[in-house]
1. What number of residues within region 337-351 are assigned to a helix (DSSP H, G or I) and either crowded, with 16+ Cβ neighbours inside 10 Å or not hydrophobic (A, V, I, L, M, F, W, C) (or both)?
2. Please count how many residues of region 95-129 are hydroxyl-bearing (Ser, Thr, Tyr) and open to solvent by less than 40 Å² (accessible area, probe 1.4 Å).
3. Filtering region 304-322 down to residues that are among the β-branched types (Val, Ile, Thr) and at pLDDT 75 or above, which residue is farthest from the chain's Cα centre (by Cα)?
4. Could you say which residue among Thr309, Thr291, Thr334 is touching a helix residue (DSSP H, G or I) at 6+ places or on another chain (Cβ under 9 Å), free of Cβ contacts under 8 Å to residues at least 40 places away in the same chain and loosely packed, with under 14 Cβ neighbours inside 10 Å?
5. Search region 362-378 for residues that are hydrophobic (A, V, I, L, M, F, W, C) and pair each with any residue that is open to solvent by 70 Å² or more (accessible area, probe 1.4 Å) and at pLDDT 70 or above when their beta-carbon atoms are under 7 Å apart and the residues are at least 6 apart or on different chains.
6. Considering only region 175-201, state which residues are within 43 Å of the chain's Cα centre (by Cα) and not hydroxyl-bearing (Ser, Thr, Tyr).
7. Based on what the data block shows, is Val5 within 26 Å of the chain's Cα centre (by Cα), in a helix (DSSP H, G or I), modelled with pLDDT of 90 or more and of a type outside the set (S, T, N, Q)?
Amino acid sequence: AAVWVHKAGKGSDQWVRSCTVQQLEIYRFRKRLQSFTVLVKFAFLSLSLFEEPCWHLRCPECEVKYSWQLPQLPFWVSNGAEILCLVYFGITFWLRELSLGAGSQRGHWHSIREVLVALSLADCLVASFNRDGIVPGIFRLCRLFRPLIFISVSKFVRRTVNRLWRSALHFWDILAALGVAVLFFTWLAIVVFSRSEEGREHFHDWPEALASLWVLFTTANFPDVMIQSYTETRSSFFFFFTYLLICLYLLNNVLLAAVYDAYKDQLKEQLCKFLRLKSSAISEAFHVLSTSQQGSQVITMERWVDFYTAYGRIFLNFMSDKDFDYIRQQAHRTFHALDADGNGYIEQREFCMVVEVLSNPAIYIPMRPAPAVASSWLGKQLVHLFMRGVRLGGSRISWRAILDMVVLLEVLLAL
């Protein structure tokens, strides 16, 4: 039930109603590795800044020039570090399957990342004996797959990519219309300026004409691109005017509006899905904890105290006996506060109220008693400073305002 409540805060329903102690311990261990996993992911992506370029592996005598002048790792060091990162990713995939058990839901990204990690690991192992890796040439498979692996192992980035892809499906027709318009004006420019100096310099063939008009779409070469033709024939102005009017001011703004609307719709759908999964996870937690009393499902005080202490043990990492006693006292106080009708039970509506607080990461819940220093004179003065600020004359300055003034003073001194 504690895991279900934690899943509710994440908007997930990938858990089971009953599990073994070993499965729960694996789940706790995997959650404790989250900070280290983030470090490994960014270290894996940052290898590209320090490793030897692929083309230099084929041409060792060529000089390598980095604009940032970063130190370059030997090949065996960067290759070994990449192998360790890939092995760690494989272990996390395995731990995920063990911890979620029957509640695991495999999507396309899960299959993709397993294939990419396996191919990259094989390429790195082969490169330990043959620097070219699996595919001979000037590029390595593992380095080509590295951004995709980072996306597949990062849930936030993965969800963002999914939203962008689904959004693109709703505005691709406007994007295609913009592309057709640019191609049409490219053809028209080749025909109209074929016998002029303008055409020989900017529109003599399709690649050059397309490049000139695409840069004109960004207005980076305007009005330079039209100066020659405008000097010869003033009426050529209408070609560039029509192109900018249709492509830049009309289709580009329509595309921008369509992108915003499509992405906003995807955010709405994701929010609805999050709330639906959150409600489902809370219902599962209540189903696990509740017992039948007088024909209705309720939670007794004993079950509530066990749940509250288990939640603290799993996710809030309190260890001492003093912390354990504090959690149990807080569980009793919470139960009596929720039991508004005084029947000695918590109903589903009352349970949902407290779970909304427990599953909200923006709300801080004290799970440990205040330290002994808080009761001393210095501790009381600090609490008074942090909570009420400083009184100057007839006004009171809050602690946040004091911090803002310190930051402002630091900025001014830095100038």
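1. The initial filter retains those residues of region 337-351 that are assigned to a helix (DSSP H, G or I), namely 337-338, 348-351.
When the remaining residues are screened for being either crowded, with 16+ Cβ neighbours inside 10 Å or not hydrophobic (A, V, I, L, M, F, W, C) (or both), the result is 338, 348-351.
Matching residues across region 337-351 total 5.
2. Within region 95-129, residues that are hydroxyl-bearing (Ser, Thr, Tyr) and open to solvent by less than 40 Å² (accessible area, probe 1.4 Å) number 3.
3. Looking at residues that are among the β-branched types (Val, Ile, Thr) and at pLDDT 75 or above, I get Val305.
4. Exactly one residue qualifies, and that residue is Thr291.
5. That search, which allows pairs on different chains as well, returns Ala374/Val383.
6. Leu175, Ala176, Ala177, Leu178, Gly179, Val180, Ala181, Val182, Leu183, Phe184, Phe185, Trp187 - these are the residues of region 175-201 that are within 43 Å of the chain's Cα centre (by Cα) and not hydroxyl-bearing (Ser, Thr, Tyr).
7. Working: within 26 Å of the chain's Cα centre (by Cα): yes; in a helix (DSSP H, G or I): yes; modelled with pLDDT of 90 or more: no; of a type outside the set (S, T, N, Q): yes.
Considered against the rule, which asks whether it is within 26 Å of the chain's Cα centre (by Cα), in a helix (DSSP H, G or I), modelled with pLDDT of 90 or more and of a type outside the set (S, T, N, Q), Val5 comes out as no.
So that you can scan it fast, the table gives a plain yes or no per residue for (1) under 28 Å from the mean Cα position of the chain (by Cα); (2) closer than 30 Å to Ala189 by Cβ; (3) open to solvent by 80 Å² or more (accessible area, probe 1.4 Å):
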site: Gln228; (1), (2), (3): no, yes, no
site: Ser236; (1), (2), (3): no, yes, no
site: Leu245; (1), (2), (3): no, yes, yes
site: Tyr249; (1), (2), (3): no, yes, yes
site: Val254; (1), (2), (3): no, yes, no
site: Glu269; (1), (2), (3): yes, no, yes
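The values are calculated or read from the model by the stated rules, or taken from the named source; none is laboratory data. For clarity, every value in this text was computed on a predicted model and none was experimentally measured. No Cβ is skipped: glycine too gets one built from the backbone with ideal geometry, and neighbour counts run over all protein chains shown. With ligands, DNA and RNA removed, areas are computed over all heavy atoms of the protein, side chains included. Shrake-Rupley method; radii C 1.70, N 1.55, O 1.52, S 1.80 Å.
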